[in-house]
Amino acid sequence: MIQPQRLAAVLGCLVAFDQLTKAWAVSSLSDGHVVHLFWTLQFNLGYNSGIAFSQGKSLGPLAGVLACVAVVFLIRSALASRTKLSAYGLLFIASGALGNVVDRIFRHGGFMRGSVVDFIDFQWFPIFNVADSCITLGAIALLLGLFFESRNQEEVVQHES
């Protein structure tokens, strides 16, 4: 079980890192400058006013409201999780959702009408950000945690039979 203080600290650090990287991207790349790193990876500023992968441009406010509800649910679930891996998976998903909601609330466009800042660009995959990465890593960790949890339960049942 994850401690509430640790949950708050990890959540705060992940959201802060996401917002710091987005602030850097806006200040350094808003003039159209692209930073080429290696292979096809580059930093290239983009904005997403819709939902995942810039789909549903008019659904940004709805996505923001749903994300706020999801963050509360994910944090409560992380606190009640049976395994640390599942708890941290839920926490990473919550931090990613919260990082993108912060953009929707505070970026230009008005309350829940702001655009999410994206800047990590492989050029062959939709452009994304640190919050999106947290969601993906969290989903992987959650799936692994649930898999290990189910295996442990199966072993317990077999031993009891």
Notebook entry, point to check: So which residues in region 82-128 are farther than 13 Å from Val15 by Cα, in a helix (DSSP H, G or I) and hydrophobic (A, V, I, L, M, F, W, C), if there are any at all?
Noted result: Leu85, Ala87, Leu90, Ile105, Phe106
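Select, from Ile93, Ile135, Ile127, the only residue that is surrounded by 14 or more Cβ atoms within 10 Å (Cβ to Cβ), farther than 13 Å from Gly64 by Cα, in contact with a strand residue (DSSP E or B) (Cβ under 8 Å, 6 or more places away or on another chain) and among the aliphatic types (A, V, I, L, M).
Details: Ile93 fails: in contact with a strand residue (DSSP E or B) (Cβ under 8 Å, 6 or more places away or on another chain); Ile135 fails: in contact with a strand residue (DSSP E or B) (Cβ under 8 Å, 6 or more places away or on another chain).
Result of the check over Ile93, Ile135, Ile127: Ile127.
Filter region 38-63 for residues that are at pLDDT 85 or above and surrounded by fewer than 16 Cβ atoms within 10 Å (Cβ to Cβ) and give the result. Spell out how you get there, then give the answer.
Let us first name the residues in region 38-63 that are at pLDDT 85 or above, namely 38-47.
Matches in region 38-63: Phe38, Trp39, Thr40, Leu41.
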Check: Which pairs have Cβ atoms under 7 Å, sit 6 or more apart or on different chains, and link a residue in region 129-148 that is in a helix (DSSP H, G or I) to one that is surrounded by fewer than 16 Cβ atoms within 10 Å (Cβ to Cβ) and modelled with pLDDT of 90 or more?
Finding: Val130/Phe17
Note to self: Restricting to region 74-84, give me the number of residues that are closer than 15 Å to Ala139 by Cβ and either modelled with pLDDT of 90 or more or within 16 Å of the chain's Cα centre (by Cα) (or both).
What the structure shows: 3
Item checked: Breaking point among (1) without any contact (Cβ under 8 Å) to a residue 24 or more places away in the chain; (2) under 15 Å from the mean Cα position of the chain (by Cα), for Val35 -> (2)
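Give me the residue from region 22-37 that is in a helix (DSSP H, G or I) and among the hydrophobic types (A, V, I, L, M, F, W, C) and, out of that set, surrounded by the most Cβ atoms within 10 Å (Cβ to Cβ).
To start, the set of residues in region 22-37 that are in a helix (DSSP H, G or I) comprises 22-29.
Next, from what is left, pick out any that are among the hydrophobic types (A, V, I, L, M, F, W, C): 23-26, 29.
Working: Ala23: 11, Trp24: 13, Ala25: 21, Val26: 14, Leu29: 18.
Among residues in region 22-37 that are in a helix (DSSP H, G or I) and among the hydrophobic types (A, V, I, L, M, F, W, C), the one surrounded by the most Cβ atoms within 10 Å (Cβ to Cβ) is Ala25.
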Next item on the list: Of the numbered conditions (1) among the hydrophobic types (A, V, I, L, M, F, W, C); (2) farther than 14 Å from Asn48 by Cβ; (3) at pLDDT below 95; (4) surrounded by 18 or more Cβ atoms within 10 Å (Cβ to Cβ), Val117 fails exactly one; give the number of that condition.
Entry: (2)
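Condition first: assigned to a helix (DSSP H, G or I), in contact with a Leu (Cβ under 9 Å, 6 or more places away or on another chain) and within 21 Å of Ser86 (Cα to Cα). Can you find one or more residues in region 14-21 that meet it? It would help to see each step written out before you state the result.
Going through region 14-21, the residues assigned to a helix (DSSP H, G or I) turn out to be 14-21.
Imposing the further condition that a residue be in contact with a Leu (Cβ under 9 Å, 6 or more places away or on another chain) reduces the set to 14-15, 18.
Imposing the further condition that a residue be within 21 Å of Ser86 (Cα to Cα) reduces the set to 14-15.
Yes - at least one qualifying residue is present in region 14-21.
The values are calculated or read from the model by the stated rules, or taken from the named source; none is laboratory data. Small disclaimer: the values here were computed from a predicted structure and weren't measured. Backbone-built Cβ (ideal geometry, glycine too); neighbour counts: all protein chains shown.
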